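The values are calculated or read from the model by the stated rules, or taken from the named source; none is laboratory data. Since we're looking at a predicted model, the values are computed, not measured. Positions of Cβ are generated from backbone atoms using ideal geometry, with glycine treated the same way; all protein chains shown enter the neighbour counts. Surface areas here come from the heavy atoms of the whole protein model, side chains and all, with no ligands, DNA or RNA. Shrake-Rupley method; radii C 1.70, N 1.55, O 1.52, S 1.80 Å.
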Amino acid sequence: AETQRLRPILLTSISHDLATPLAAILGAATSLQSYDELYDQQARRQLVGTILDEGERLHRFVRNLLDMTRLEAGAIELNREMVDIGEAAGAALERCARMLAAHRVELDIEPELPMLPLDPVLLEQALVNLLDNAAKYTPAGSAVILQARRQNGGVVIELRDEGPGIPESQLEHVFTKFHRLGKGDRRTPGTGLGLAVCRGFVEALGGTITAANRADRAGAHFTIAFPRAMADEDAVAEAAA
């Protein structure tokens, strides 16, 4: 019954949300090929930028679909190694540079955080999905803040934005497959899988992720927490061995 319910949602997602960036890519590429002599350098750069932006968007959609398939099939294989949280956060921000170009990005990593036995690829992708979500739901010029610090002997990674926040009635559902905020024409483009994949990866790594609204101002607040056991020297040494 669940499969039957989700099938039309998935088909709608593929037919619309994946077809839209593909149409933009084809349109821009066709214009460059057929009418290149009509465009000045600035117009050509804009068309190339459209191809790059929509290509990255299409890549994220497809990757999330594939990642969710792997999670549901139990096909996630962890390749644990000692990971520097600051380096992982920096790598995620670098991958998201284009989508966050119109935002003020702040990175705040507490000094001397312990390295954790994690899969760096899964952690980076989880952070990329959080940053992608912030870029989509917050206005240009607003701040996106990524922090990491010690808490209760473990390590927490927090992302705060300055968007409208999450309706209280939807806080429990933001990590559900195909769930997207807004309705009708006001619904933000996407497959509704980014946060679901993020939760799957974080939990596979042994952590937890929660969503809330900021207490100090409007905006969403996501928290990834890795427990004290993962930061203990004995556990770290055992994982490294």
Can you grab the distance from the C-alpha centre of the range 56-116 to the C-alpha centre of the range 197-212, Å, no decimals?
12
On the accessible surface of the range 77-144, probed at 1.4 Å, how many percent belong to carbon and sulfur atoms?
49
Give me the accessible area of residue 99, 1.4 Å probe, in Å² rounded to the nearest 10.
40
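Would you rank 34, 169, 142 by solvent-accessible area, highest first, keeping every protein chain in place and using a 1.4 Å probe? Could the numbers behind the result be given before it?
Details: 34 55, 169 90, 142 10 Å².
Descending accessible area places them as 169, 34, 142.
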Global size of the range 45-120 as Cα Rg and Dmax, reported in angstrom
16.1, 45
GluC sites (Glu not before Pro) within the range 83-118: DSSP coil, no more than 13 neighbouring Cβ in 10 Å
112
Per residue, what accessible area does the range 80-124 have, given a 1.4 Å probe and all protein chains present, in Å²?
52
